[in-house]
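Student: Provided herewith is a single structure, encoded as structure tokens, for subsequent inquiry.
The values are calculated or read from the model by the stated rules, or taken from the named source; none is laboratory data. Since the model is a prediction, treat every value here as computed from it, not as a measurement. Quick reminder, even Gly has a Cβ in these numbers, built from the backbone with ideal geometry, and neighbours come from all protein chains shown.
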Amino acid sequence: MTAEMKPDAPVAARIDLAGQAAPNDVLPSRESTFGSAFGESIAMRSIFGILARIAPSEETVLLEGETGTGKDVLGRAIHFVSPRSKGPFVVVDCAGISPAVIESELFGHERGAFAGAVASRRGVFENAERGTLFLDEVGELASDVQPELLRALESREFRRVGGGKTLRADVRVVAATRRDLKRDVERGKFRRDLYLRLAGGLVVVPPLRARREDIPGLVRLFLQQSSDGDPSAGPLTMSEEAISALAAHDWPGNVRELRTVVERAIYLARVGAESEVKLITLPASGGPTSEMNSFQPGRSYRDTRARFESEFERRYVKWLLGRHNGNISAAAREAQMDRKYLYDLAKKHGMRGREDESSES
């Protein structure tokens, strides 16, 4: 059983700052935004308040929360309000890279360091110099690479794989994970010293169902962004009844899922030349869409089951590949399925994936 974030997280965000003021000493922000992140709830404004304090520092930040809660958006916001804002913002998905090449991805390698290393290559620590390195899904980092990352964070120095020269790591690290790393530490699945180093500023982002009061504002923000992106199309509205239906939904995929549903409804409204956005289908909590739950009269059992299985395949493969940026090998490992079979499923449903991850090295 994985140590992912508990589904029933409390409404209030947990915030820990090593060596700084206690969380209760930091008042919630008066603003409902922090960078591109939005939230009118006390939970989110508490996060904005604490991030406004630590973003200008060099403190390492760890963002914990379920998938889709906006950890990547907060990571970018931290970068753009920091003194490093003019430097690069580099993202690396620790879950989507093979354990065999993750060290090279982080620190680079020299020519001949391993089979296939035909030329020297810079890693993300070098590419993010004078900027911010966002380590997404850091909880999935291979155990043998964790000491190397700890060393780079503590000494701000590293070496390329196969190299003897010590390089300076002028980088601020912001990490994110859907896992409860403290629990992983207690179970011996993650290094305690690395966790303590990463969690200099620990922020737990609550799921959307724990801050439903943010949903109407998020919906209106998505509508506004759509109009800003296409001024000639005119502004769009959504009825209060539709917004209330959205606010009542559990949203297991959090803000990302909400945005996807609203953007699909916006697209259909634009195509139909309508000024009001109407919800066509609302995802069922924790399961297939309501459209999937409907049965059609006159259709045989075999055809009905085939339709459901095909839709399940399509949605699952899309979700799985999305988690790993199209990396077939990494996705197959997580799903515990044959890589070739997953490749064939993706091809069947018109999706593109990278079949061989070794080409990335």
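Student: Given the criterion of a type in the set (D, E, K, R) and touching a strand residue (DSSP E or B) at 6+ places or on another chain (Cβ under 9 Å), identify the matching residue among Arg178, Arg192.
Tutor: After ruling out the rest, the residue left standing is Arg178.
Student: State whether one or more residues within the stretch 175-188 are crowded, with 16+ Cβ neighbours inside 10 Å, among the hydrophobic types (A, V, I, L, M, F, W, C) and without any contact (Cβ under 8 Å) to a residue 12 or more places away in the chain.
Tutor: yes
Student: A further question on this structure: In the stretch 127-147, which residues are out of contact with any strand residue (DSSP E or B) (no Cβ under 7 Å at 6 or more places or on another chain) and part of a helix (DSSP H, G or I)?
Tutor: Scanning the stretch 127-147 gives Glu140, Gln146, Pro147.
Student: Do the conditions hold for Arg30, that is, is it surrounded by fewer than 22 Cβ atoms within 10 Å (Cβ to Cβ), assigned by TED's automatic domain parsing to the domain that holds Arg187 and either modelled with pLDDT under 95 or part of a loop (DSSP other than H, G, I, E, B) (or both)?
Tutor: So Arg30 fits the description; yes.
Student: Can you list residue pairs whose Cβ atoms sit under 6 Å apart, with the first residue in the stretch 226-248 being in the same structural domain as Leu268 (by TED's automatic domain parsing) and the second being assigned to a strand (DSSP E or B) and among the aliphatic types (A, V, I, L, M)? Count only pairs 6 or more apart in sequence or on different chains.
Tutor: Leu236/Val277; Met238/Val277
Student: Still on this structure: Scanning for something in the same structural domain as Val145 (by TED's automatic domain parsing), of a type in the set (Lys, Arg) and assigned to a helix (DSSP H, G or I), does the stretch 82-92 turn up at least one residue?
Tutor: No, the stretch 82-92 has no match at all.
Student: Considering every residue within the stretch 127-137, establish whether at least one is in the same structural domain as Arg84 (by TED's automatic domain parsing), within 19 Å of the chain's Cα centre (by Cα) and among the basic types (Lys, Arg).
Tutor: no
Student: Let me ask something else about it. So, of the residues in the stretch 223-262 that are exposed (fewer than 14 other Cβ atoms within 10 Å of the Cβ) and acidic (Asp, Glu), which turns out to be farthest from Thr67 (Cα to Cα)?
Tutor: Restricting to residues being exposed (fewer than 14 other Cβ atoms within 10 Å of the Cβ) and acidic (Asp, Glu), the top hit is Asp230.
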